[in-house]
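Read the figures in this text as sums done on the coordinates, not as results from a lab. Being a predicted model, the structure only gives us computed values, none of them experimental. In this analysis, Cβ positions are derived from the backbone assuming ideal geometry, glycine residues included, and neighbour counts consider all displayed protein chains.
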Amino acid sequence: MDRLQGKLALVTGSGSGLGEAITRRFAEEGAEVVVNDLDPGAAERVAKEVDGHVLTFDVSDSAAVRRGFAEVAERFGRLDILVNNAGIAPRYSDEERAERDALLLQHVTELQGGGEVTTFLDTTVSLPDEDWREMLAVHLDGTFFCTREALKIMGPRRSGAIVNMGSIMGTSGGSGAPAYCAAKAGIMGFSRAVALEVVGRGIRVNAIAPGFIDTPMTAPIGAARPLLLAQTPMARFGEPDDIAWAAVYLASDEAKFVTGQVLSPNGGWHMSQ
Ligand code: NAP
């Protein structure tokens, strides 16, 4: 109950899903938590439940991130834990998603059938610039902007733990999500580079690469769900707490010899990173 006692933690995108679960577990473990989200209502709801603080900013907006972390420095004078969790899925309407799920199922059936493949998703050739940029902006720019500002607070104190949210999609790839996979792979590479850079300052940087977890982000997955379950040896999606406990561990002093690592709670999808 006191694994994070006395620590101040900021969790981005914590008005929902994994960020919300992480925030709850952090608070239970004694941390004081700053809840960040785009949606002030969601951030306030979670902050109220954990007796935390609200800080609403868009992680992909460099100036807004700078202002947000300046407020943390001024108000608290420290930051012990940063979780770069905010993220988005590719944006599809229900109709587009159903059409893509059907195409994917047909594509996989044809591939596995061993005959001629005539059905394709063709995501990359039809991906608009703005969709590519938005995905990289929220995940990769956001992780960089928040890490840069957090290090300005953690560096002089020679202590801190940063946990970045990757994905199995960044390690194993994922059909039909090139921008998401690129962003997540980038986050994991970034985590290793920064881990090396700041190790002498007593700051640890690690990543989590979740498998498929039941959250509002994955709720719209419909016809493709059986396909994903078939690829998961545990044959189920994970729960947000499966990721929250990984974040507690990496953020806590129990992980004091752990840096530059990717921890992947994924139901057996991947057996190593
Ligand atoms: P979620 O329920 O949709 O939560 C994501 C949160 O991030 C939302 O509260 C969202 O706010 C916030 N957000 C989005 N863009 C933001 C921005 N620019 N600035 C600040 N906050 C922003 O999704 P989740 O499943 O919990 O995902 C959390 C993280 O885990 C993401 O990085 C995701 O890629 C990663 N992940 C998820 C899974 C999974 O299976 N669920 C697997 C691997 C990795 P609004 O709701 O206001 O937009």
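Which value in Å does the Kirkwood hydrodynamic radius of the chain take, with 1/r averaged over all unlike C-alpha pairs and then inverted?
Working: mean 1/r = 0.0522 Å⁻¹.
Hydrodynamic radius (Kirkwood, Cα pairs) of the chain is 19.1 Å.
Other residues whose C-beta falls under 12 angstrom from the C-beta of GLY202 contribute a net charge of +3, scoring Lys and Arg +1 and Asp and Glu -1. Karplus-based coupling profile of the stretch 125-137, in residue order and whole Hz: 5, 10, 7, x, 3, 5, 5, 4, 5, 4, 4, 6, 5, with θ = phi - 60° in 6.51 cos²θ - 1.76 cosθ + 1.60 and x standing for Gly or Pro. The rule of thumb for compact globular proteins, 2.2 N^0.38 Å, goes into the C-alpha radius of gyration of the stretch 1-105 1.26 times. The stretch 31-75 and the stretch 78-130 have their alpha-carbon centroids 30 Å apart.
For the stretch 129-233, applying the loop criterion from DSSP together with a ceiling of 15 other beta carbons within 10 Å to the trypsin sites (Lys or Arg not before Pro) yields ARG158.
Mean projected area of the Cα convex hull of the stretch 129-236, taken over all directions, amounts to 8.0 nm².
So for the chain, averaging the separation of alpha carbon pairs under 8 Å that are six or more residues apart and normalising by length, what relative contact order in percent results? Could the numbers behind the result be given before it?
Details: 525 pairs, mean separation 54.6, N = 273.
The normalised contact order for the chain reaches 20 percent.
Net length available on complete extension from TYR249 to ARG201 is 15.3 nm, with 0.36 nm assigned per residue and the Cα-Cα distance removed. By the helix-only formula, in which each DSSP H run with n ≥ 4 contributes -39500 (n - 2.57) and the sum is divided by residues, the chain has a 222 nm mean residue ellipticity of -14500 deg cm²/dmol. GNM remark for the chain: springs join alpha carbons under 10 Å apart, and the peak mean-square fluctuation among LEU228, LEU18, LEU79 falls on LEU228.
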